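Novice: This is the structure, below, for whatever I ask next.
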Amino acid sequence: MIRDILISLAITTVVAIVASSACMYVFDYDYMKVFVVAMLTQLIGFYLWNSLLQMILKLRMEREQTIRIEQYNEQGLEVKCAHCNSLNFIPIKVNEDNRFDCTQCNKSNSVYIDITVTPKTDVSTRDTVSASSYIKEKADAARKLDK
Ligand SMILES: [Zn+2]
């Protein structure tokens, strides 16, 4: 860690020395001014670059974590412990036996999955239709009474 920092500082200093020497030789600029500006520019530039990289990395990790949590939630269930009745969230796998140790009482449980297949039906909209027609009729009746 410290070695990396020293190496990076040495490279930064070498770049600043080369830049200030070149500017002094070619443009006749003040050596120390160019050296200080080159050092500061590099330090600020690297700081901004590292901050940007860390921000991108953090966003990526958060996105990945969210996807992992979503996948975990899709493949899990909240079940009651057979011993103490407390709720436990457990991952469910179809291709192997599902067991879990309760987080409250620490006793082991087995999970048996029963799959039921039913035909898919549409949700009836009759109740909402009759309710809205009832409201409309009531409003019409109230309007007639007002006249
Ligand atoms: Zn339990």
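Novice: Using a Cα distance threshold of under 19 Å, what count of lysine pairs results for the chain when pairs must be 8 or more residues apart or interchain?
Specialist: 5
Novice: Here's something else I'd like to know. Could you order peptides 97-106, 58-67 by the average number of other Cβ atoms within 10 Å of their residues, highest first?
Specialist: In decreasing order of mean packing, 97-106, 58-67 become 97-106, 58-67.
Novice: Any idea what angle helix 126-146 forms with the longest principal axis of the chain, computed on alpha-carbon atoms, 0 to 90 degrees, nearest 10?
Specialist: The helix 126-146 is inclined about 80 degrees to the chain.
Laboratory data are not the source of any read-out in this text; all were calculated from the coordinates shown. The shown structure was predicted, so the numbers you read here are calculated from the model rather than taken from an experiment. Using ideal geometry, Cβ is built from the backbone for each residue, glycine included, and neighbour counts are taken over all protein chains shown.
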